[in-house]
Every structure is written in structure tokens, then in C-alpha cells.
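The values are calculated or read from the model by the stated rules, or taken from the named source; none is laboratory data. No experiment lies behind these values; they were computed from the predicted model shown. Here the Cβ positions follow ideal geometry from the backbone for every residue, glycine too, while neighbour counts run over all protein chains shown. Remember, those area values only see protein heavy atoms, side chains included, never the ligands or the DNA or RNA. Shrake-Rupley method; radii C 1.70, N 1.55, O 1.52, S 1.80 Å.
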Amino acid sequence: MAEGGTATQADLDAGSIVNVAFATGTDPNGLPVDSPTDDETVTANQNPALSIVKTASPTTYSAVGDVISYSYLVKNVGNVTISGPISVTDDNVDAPASCPLGDLAPTASLTCTASRTVTQADLDAGSIVNVAFATGTDTNGNPVDSPTDTE
């Protein structure tokens, strides 16, 4: 914990603060006297969370072979660092989304990209519907998924 008693991001990411204390003094004969150590653990209230906002460009299509580009804004809306790699899963794109490597600190965001080439089936259907979500790992090694975003 930082001096002065203020919790740091590292403390939140670690999940707790352990404080160890002991007293020291001098007995009547001038010899040092130490108390046994005493420790206290304060547990962090960790809240790992991601959000995702997907946008398409262009938002309309008219021919087989048109390319729809998707941009996914992934934000850490929790209070602990989300470990990378951060990935985006989209059920209806040509190839997996491409995301920058690295961790995502609280309030930080990154942008991933993917695309879809329009098919005759897309033209016949009149629209392309796809669902995307982001995934990372919390400081305890557990997966963290964003809610889905449908476009």
C-alpha cells in the first residue's frame, strides 16, 4: 500500500493489502525488546468488467463483394487491470478480429477491427446481423467477457 494509507491500482490488482506491524522498545537494562509481529489483511473488492461498442462502415450495402468494416471499442469498465491478450469474438466476420496486444487498465480502451464481404445470401436476407463480445483475463486468472453487442 502506498504511504499514507491510500490504496493503489497494484493493491486492487493484487486483491488485498497485508500490513505487518510490531513494536520495539528497550527494557530497564537497556536491551532491545520486540513484540511479536501482528498482521492484518484487508481484502479488495475487485470488480473486473469489460464493455464493447461495435460500429459498421458503411452501414448499408448494395452488391456482392462489398466490404463492411467493423470497429470494436473495448473498454475496461471495472476496477482491476484486465490482462491481455484482449480478444473480440464476432459470429459473422471473414476472419477473427484483430486487437492490439497488451493489458487494459481501468478506464482504458482499445480498438479492434474485422470485416465481412457481402454475399448473395446477405443481399437476399436484406441485412447482416452479427453478435460480438470481448474477452480478457482478470488478475486472478479468470475470464472476463463483455456483454454482447449486436449490429
- Query: Could you count how many residues in the range 8-30 are under 26 Å from the mean Cα position of the chain (by Cα) and either assigned to a strand (DSSP E or B) or of a type in the set (Gly, Ala, Ser) (or both)?
  - Reply: 6
- Message: Checking the structure you have, find out if any residue of the range 73-91 is open to solvent by 30 Å² or more (accessible area, probe 1.4 Å) and in contact with a Phe, Trp or Tyr (Cβ under 7 Å, 6 or more places away or on another chain).
- Response: yes
- So which residues in the range 31-69 are within 20 Å of the chain's Cα centre (by Cα) and either more than 30 Å from Asn142 (Cα to Cα) or touching a residue at least 40 places away in the same chain (Cβ under 8 Å) (or both)? Gln46, Pro48, Ala49, Leu50, Ser51, Ile52, Val53, Lys54, Thr55
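Which one of Gly78, Gly5 is of a type outside the set (Ser, Thr, Tyr), at pLDDT 95 or above and not in a strand (DSSP E or B)? Steps first, please.
Details: Gly5 fails: at pLDDT 95 or above.
It is Gly78.
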